[in-house]
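Each reported figure results from applying straightforward, stated rules to the coordinates on display, with no laboratory input. Keep in mind that what you see is a predicted model, and the values were worked out from it rather than measured. Every residue, glycine among them, receives a Cβ derived from its backbone with ideal geometry; neighbour counts consider all protein chains shown.
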Amino acid sequence: MVLTRACAQPGRKRPLTVHDLNQLLLVCSLVLLVAVAAVRISSRSGLPSLLVYLAIGVAMGQDGIAGIHFDNAELTQVMGYAALVVILAEGGLGTKWSEIRPVLPAASALALVGVAVSVGVTAAGAHYLTGLEWRQALIIGAVVSSTDAAAVFSVLRRVPLPARVTGTLEAESGFNDAPVLILVVAFSTAGPIEHWYVLIGEILLELAIGAAIGLAVGWLGSFGLRHVALPASGLYPIAVLAIAVTAYAAGAMAHGSGFLAVYLAAMMMGNARLPHWPATRGFAEGLGWIAQIGMFVLLGLLVTPHELGDDIVPALLIGLVLTMVARPLGVVLGLLPFRVPWQEQALMSWAGLRGAVPIILATIPMVEGVAGSRRIFNIVFVLVVVYTLVQGPTLPWLARKLHLGDDAEAADLGIESAPLERLRGHLLSLSIPKDSRMHGVEVGELRLPPGAAVTLVVRDGQSFVPMPTTVLQRGDELLVVATDPVRDAAERRLRAVGHGGKLAGWLGANGAARRARGDRR
């Protein structure tokens, strides 16, 4: 609170004292605790947690309980960029290359063609339905055409969807921030754009520079971390995040897309089998949560609720055009060459979740002094809140209606690996999900490769060493020890049984998916 007031009052010269620091730490820790408790509420309701964090910021703002007056759009933009770097890094570290590799062309098309269509259609709707001038309409069209990585990651990873759908949406959310940012900056800082092909060329060039730097930094970082032994395991997570931030800074300073660079660099490191990976993943996830909480609370502080009344109807109209026309049309045209089933296209159209990214981008015209920029921010804020309330909870229902999110579908196993360096082995830990087909399988029927064995089962709080005839049950936690040469084979086998059950040897690692495709045929 003290620091916020200091930032909101540039003329204040009194230095931060220890007493001020104590107050600041108390307020921040309480906000974090409330935000952490709110995650459980959001996970049960299906709402992205961003809405709860925004509500906390609004409650602390000038119309709320705390009455903090905060209107520093430039600080919000800077802090939002920093938080987005961390969020994209965490998302990239958790993205499986095996899942997004087959859908990379489709995700890239959605991030380029889909965004272009969405910007044009939404801007036209904003201009003709709400009377906004073309510059303001184009800015709003560009701002709301970006799907939010944090919202997509948090919702989709709780919804059982086909890997192609999840991979496409996650990759799109990581890719489309870059072209949208370029468009928003161009519309906010430039006069009338006479040559659209020049703008398209600039976008492609910045994306190419960002991609090249991200891939190079990610490869160099992965190579170094695999071949240089650090003296403490806690240094690996720090090094990984530092490398990811380096990719962003290098890409941005080279006039490329820093956001694309950090996402690609993190994705390369996340798929490189780095040492102490569970600790690194947990550290990055914790930082990602802190970044989300801080970013959303700050955005909630920036908004002034009593000013939103006149912008509710325009926001609803623009959001309706975006959700029902622009996004579906962008998905259909972007995926036209890839022969994607209509059910998946329908789900992707509805799953274009917005979040903090559009609100952060809406601060750019405020910083640049664009006429009507405060109204743009208010419209974007209302649109994001209302349509997130609608889309988030209904996504699982729509997936089931389209037969893409069947609750009976086998859930993937979350396997963590801790290296036993001196023993040249790995300790794999996993929990059998409710819908896993590993339920009912005997330990001996896992048929793990020689050099791997189930050493411990935890069931209902009781631990025991299993026999080959022990029948595994949903909710069991397993500890599997594997020697270094068979570690990957053991994990593949566990995932295969999780998907295919006792028939995994005949159906293969993706037996469930193959069987489902056979049923559809």
Rg to Rh, two decimals, where the range 7-401 supplies the alpha carbon set and Rh follows Kirkwood: 0.95
For an R0 of 22 angstrom, estimate the FRET efficiency from the Cβ-Cβ distance between Leu30 and Ile238 and round to the nearest 0.05. 0.20
If I model a spin label at Arg492 and Leu199 as a point 7 Å from the Cα along the Cα→Cβ vector, what separation in nanometres do I get? 4.8 nm
Return, ordered by residue number, the residues of the range 239-263 whose backbone nitrogen is under 17 Å from a label point located 7 Å along Cα→Cβ of Arg273. none
Once you place label points 7 Å from the Cα toward the Cβ at Gln343 and Ala66, how far apart are they in nm? 4.7 nm
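Which order do the peptides 362-368, 25-31 come out in when sorted by mean C-beta neighbours inside 10 angstrom, highest first?
362-368, 25-31
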Other-chain or far-sequence residues with amide H under 5 Å of Leu161's (modelled H): none
Which translational diffusion coefficient, to the nearest whole µm²/s, is obtained for the range 247-390 from the Stokes-Einstein equation, given a Kirkwood hydrodynamic radius over C-alpha pairs, 10 °C and 1.306 mPa s? 87 µm²/s
Peptides 211-218, 440-447, 109-116, 125-132 ordered by average Cβ neighbours within 10 Å, highest first: 109-116, 211-218, 125-132, 440-447
I want to check the label-to-label distance for Lys96 and Leu320. Put each point 7 Å from Cα in the C-beta direction and report it in nm to one decimal. 4.1 nm
